[in-house]
Amino acid sequence: MAEKKVKKEKIPRQPMPEQEPDVRRRNFKEVPLGYSKELAMKEAERCIQCKKPTCVSGCPVSIDIPAFIKLIKEGEFTKSVRKIWEKNGLPAVCGRVCPQEDQCEGVCILAKKGEPVAIGNLERFVADLEREQGSGELPPKAKPTGKRVAVVGSGPSGLTVAGDLTLKGHDVTIFEAFHKPGGVLVYGIPEFRLPKEIVFSEVNFLERLGAKLECNTVVGRIVSIDELLEQGYDAVYIGVGAGLPRFMNIPGENLIGIYSANEYLTRSNLMKAYLFPEYDTPIAKGKNVAVFGAGNVAMDSARTAMRLGADVVRIVYRRSREEMPARAAEIHHAGEEGIEFYLLTAPTKFIGDENGRITGMECLKMELGEPDESGRRRPVPIKGSEFQLECDMAVIAVGAGSNPLLTQSTEGLELNRWGYVITDPETGKTTKKGVWAGGDIVTGSATVILAMGAGRAASDSIHQYLTWGW
Amino acid sequence: MFEILKRQEMADGTVVLNEISAPLIAKKAKPGQFVILKANETGERIPLTMAEADPKKGIITIIYQIVGKSTALFKSLQVGDKFQDIIGPLGKPTHLEKMGTVVCVGGGTGVAVMHPITRGLKEVGNNVIAIIGARTKDLLILEDKMAAASHELHVCTDDGSYGHHGFVTDVLKEVLEKEDVKLVVGIGPVPMMKFVCKVTEQFKVKTLVSLNAIMVDGTGMCGCCRVSVGGKTQFACVDGPEFDGHDVDFEELMQRLQAYTAEEAAAYGKYKGECKLA
Ligand SMILES: Cc1cc2nc3c(=O)[nH]c(=O)nc-3n(C[C@H](O)[C@H](O)[C@H](O)COP(=O)(O)OP(=O)(O)OC[C@H]3O[C@@H](n4cnc5c(N)ncnc54)[C@H](O)[C@@H]3O)c2cc1C
Ligand SMILES: Cc1cc2nc3c(=O)[nH]c(=O)nc-3n(C[C@H](O)[C@H](O)[C@H](O)COP(=O)(O)OP(=O)(O)OC[C@H]3O[C@@H](n4cnc5c(N)ncnc54)[C@H](O)[C@@H]3O)c2cc1C
Ligand code: SF4
Ligand code: SF4
Ligand code: FES
């Protein structure tokens, strides 16, 4: 009904209001401020409600995008968020952090001729509204099955499994190594991009549903997977992420002031070092900072350094702008905040003073050669192009690997040559009976929504197992 | 959970012992392993070795020296108070094996870390010679326990106020000259461990040290605790904390321990000020 009445005057994509770059580069408050109801409804009107919506095929968890957008247009916000929940338990998170330009929005029909519908912004809007003003009413839950499930790791993947299986009536306990739940959403992604309150409210929701949470529990140390199975857990899900920092293995890497991104971001986000000395954990406040890599992790590190008071922050990346893997929005925001990009540049060694503190580095200029296995053009060093760059702090954000602490202490769990857990891609079943895995510990560093998708597939399979057998 | 059941000041109040209720950790803890503790919401994650673990009673014991804000905050906790978070057991346990004669050298609060290892080495059948030291008599800890955990105990003080006048390394040298020693374990301040290794190198005796690198997570996830051992980067929290001392780059470790000197001094100063006001 409503769509018939809309006369085809072209509405432009509604930008989300943001903090000004000059202001936000020195504070940790969230950058985009969210849609008002009016803006959201106006943006929702832009969706032409395709009969065969391409956007849905771009969403790894196949949210019924036209349906939830239509409900926004009609002002049915609660119904809209419930529509999303059918497929995605963390819309406030995904609306903020999904690489929409490569997923739903990248294939929205409107993207062909102009700007796609702001699907991520709309998803965020209804989720925020529900969290802030919703009834908080719990969805109906199946009656208790008497089956117990252990979920190891409380990142997006583990949280998805816990939510799904709790709703299906199973008795779920999440075991988390850190003192706070949320995985990368809490220790990695900064407050200015994903307020921690959102993650805690999602976890709180799970606990209200009846899932149990045990923090400070490093599985593989205090308890093993086999012991969990012996203690009467009927199934175990491994969602421990890709928690191993990768270094560059160049001379001088252990100088003071050189951080892995994991350490730098954990100090700042999880330990709240940006509030030092109100919080006790210290963090270096570099004036002249170099960040290596160009993914989301690098952007987050660079923007954190700027907020901690740096004069100069440089992203040093060995390929060119086209190859930068970060979300478009992050690169754009970083640029606006004054982060400089040193492209086609690779460090060869770090230089320090007599106290072992970093003072600079030596770099090489690169040019792009033939494409490599990843399909991206391989950077090749230019002979004789060495030059020095000063810096008093550096963050290495060139990727992560698989942390062996749990996986290598678990017998019967087969790993690939990079140490990631081998699973059946359809079901998430590992080679060990009763044990599933998913998220970054299976795929290597990927995205929040893929980790959630893997969790969803595994929870379906676990449910089937608990009902019918392996 | 994590309630303090017993509290005792040692070494003139510069060292504190806490017995803490932590049944699951106590059940799994082995000599050489550590825990990470966080006192409260704003607290820092601080690694401390378990000086004792009683699986039956569900209790772990920590013994720590007051060196800065966080350990001062720990000291302020009384019996009945709770640590908000304790994570563990972390790190690789000490490899305990019957070898013959072994020497355990502990300096300062390192004696606390040394004690369960010493006892473990004795329990598996070694002839254990222990050497413990402190700057002065009042700072010496765990003498009785170390005597019970070893076959032969030497005590040293730097100022000669008690026992042998001099450093633990002097006594170590004498022992190495007399006995056929299969292994030396040295735990204490970094300079002490460095000198222990210098001595044992001359005698070509394998030497284990326990490295107290600065840590955050303690699970190999952040790389903060990296140390150079035999020219390779290792993570003290998962690859250690014990390493072959002859391969350790002590200079680098000493420098890295200074990473936050300015911030630590500021935090401790502020805390002392607040305590005076309170
Ligand atoms: C800084 C940063 C920024 C990012 N930005 C984006 C973005 O904008 N968009 C996007 O889509 N993706 C982004 N990603 C990637 C995304 O966060 C991950 O792909 C996703 O979080 C993986 O989820 P997971 O559940 O597999 O694991 P994680 O989120 O890594 O969670 C794993 C959890 O398991 C716990 N754990 C580990 N070992 C044990 C153990 N032995 N016992 C108990 N618990 C254990 C960990 O402490 C952790 O809490 C970013 C990643 C980082 C690091
Ligand atoms: C595996 C391990 C086991 C340890 N066991 C013991 C023990 O049994 N008893 C004991 O007295 N001490 C032990 N330590 C040392 C203890 O962790 C530090 O003394 C403590 O962290 C100091 O914190 P602070 O805030 O009081 O002092 P600060 O003022 O913060 O620092 C004083 C010094 O302690 C070191 N330090 C600071 N923060 C950390 C950190 N997060 N991790 C490690 N070191 C840090 C630095 O070298 C610093 O110069 C151990 C350390 C490690 C890594
Ligand atoms: S979950 Fe991510 S990909 Fe799917 S619709 Fe939402 S923003 Fe797009
Ligand atoms: S493809 Fe774009 S316009 Fe079409 S339904 Fe999806 S969001 Fe709407
Ligand atoms: S403390 Fe983080 S890797 Fe060791």
Tell me the per residue accessible area of chain B using a 1.4 Å probe; a whole number in Å² is fine. 41 Å²
Taking 56 Å as R0, compute the FRET efficiency from the Cβ-Cβ separation of residue B:9 and residue A:27 and round it to 0.05. 0.80
Length gain on complete extension for the stretch residue A:230 to residue A:201, per 0.36 nm per residue less the alpha carbon to alpha carbon distance? 7.2 nm
For the range A:378-433, which whole percent of the accessible surface, found with a 1.4 angstrom probe, sits on carbon and sulfur atoms? 50 percent
Would you calculate, for the protein assembly as shown, the mean residue ellipticity at 222 nm contributed by helices, counting each DSSP H stretch of 4 or more residues as -39,500 (n - 2.57) and dividing by all residues, to the nearest 500? -9000 deg cm²/dmol
What is the log10 of I(q)/I(0) for chain B, computed with the Debye formula using one identical point scatterer on each Cα and no solvent, at q = 0.10, 0.12, 0.16 Å⁻¹? -0.50, -0.73, -1.35
Under 14 Å, Cβ to Cβ, from residue A:169 - net charge with Lys/Arg +1 and Asp/Glu -1: +2
Listed residues B:91, B:120, B:100; largest mean-square fluctuation, Gaussian network over chain B with Cα springs below 10 Å, found at B:100
How large, in Å, is the range A:9-94 by the Kirkwood hydrodynamic radius built from its alpha-carbon pairs? 14.5 Å
Can you figure out the FRET efficiency of residue A:79 with residue B:41, using R₀ = 41 Å and their beta-carbon distance, to the nearest 0.05? 0.60
Expressed in nanometres to one decimal, the distance between label points 7 Å along Cα→Cβ at residue A:38 and residue A:374 is 4.5 nm
Percent of all alpha-carbon pairs of the range A:157-268 at distances over 20 Å, whole number, is 51 percent
Work out the charge dipole of the range B:2-90 with +1 on the Cβ of Lys and Arg and -1 on the Cβ of Asp and Glu about the Cα centre, then indicate which of B:16, B:76, B:35 is farthest towards its positive end. B:35
With +1 on each Lys and Arg Cβ and -1 on each Asp and Glu Cβ, and nothing else charged, work out how big the dipole of chain B is about its Cα centre, in Debye to the nearest 20. 560 debye
Per-residue Cβ counts within 10 Å, from other chains only, averaged over B:223-234: what number is that? 3
Inter-part distance where the range A:170-205 and the range B:21-93 are each reduced to a Cα centre, Å: 24 Å
When the convex hull of its Cα atoms is projected in every direction, mean area for the range B:129-278 (nm²): 11.6 nm²
Given unit charges at Cβ for Lys, Arg (+) and Asp, Glu (-), the dipole magnitude of the range B:2-90 about its Cα centre in debye, nearest 20, is 280 debye
Work out Dmax and Rg for chain A from the C-alpha atoms and quote the Rg first, both in angstrom. 23.0, 75
Just need log10 I(q)/I(0) for the range B:2-90 at q = 0.12, 0.14, 0.22 Å⁻¹, Debye formula, equal scatterers on the alpha-carbon atoms, no solvent, rounded to two decimals. -0.30, -0.41, -1.07
Students sometimes get this wrong: rank A:259, B:162 by accessible area, probe 1.4 Å, all chains present, largest first. B:162, A:259
How many partner chain Cβ atoms sit within 10 Å of a residue's Cβ in peptide A:238-246, on average, as a whole number? 3
Inter-centroid distance (Cα atoms) of the range A:379-415 relative to the range A:29-50, Å: 39 Å
Per residue of A:273-280, what is the mean number of Cβ atoms on other protein chains within 10 angstrom of that residue's Cβ? 5
Rough spin-label spacing in nm, given labels placed 7 Å along Cα→Cβ, for residue A:353 and residue B:233: 2.3 nm
Would you tell me the accessible area of residue A:280, worked out with a 1.4 angstrom probe on the heavy atoms of the protein chains, in Å² to the nearest 10? 10 Å²
Longest segment of chain A with no GluC sites (Glu not before Pro) in a DSSP loop having at most 16 other Cβ atoms within 10 Å? A:138-277
Using the Cα centre as the reference, give the magnitude of the dipole from point charges on the C-beta atoms of the range A:320-470 (Lys, Arg: +1; Asp, Glu: -1; all else neutral), rounded to the nearest 20 debye. 600 debye
Taking the range A:374-410, which trypsin sites (Lys or Arg not before Pro) meet the DSSP loop condition and have no more than 16 other C-beta atoms within 10 Å? A:376, A:383
I want the local charge near residue B:145. Using Cβ-Cβ distances under 10 Å, sum +1 for each Lys or Arg and -1 for each Asp or Glu among the other residues. -2
Charge tally for neighbours of residue A:76 with beta carbon under 10 Å away, counting Lys, Arg as +1 and Asp, Glu as -1, is +4
Using a probe radius of 1.4 Å on protein heavy atoms only, what is the accessible area buried between chains B and A, both sides summed, to the nearest 100 Å²? 3500 Å²
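The values are calculated or read from the model by the stated rules, or taken from the named source; none is laboratory data. Remember, it's a predicted structure, so these values are computed and weren't measured experimentally. In this analysis, Cβ positions are derived from the backbone assuming ideal geometry, glycine residues included, and neighbour counts consider all displayed protein chains. The protein model used for the area step is the full one, side chains on, heavy atoms only, and it has no ligands, DNA or RNA in it. Shrake-Rupley method; radii C 1.70, N 1.55, O 1.52, S 1.80 Å.
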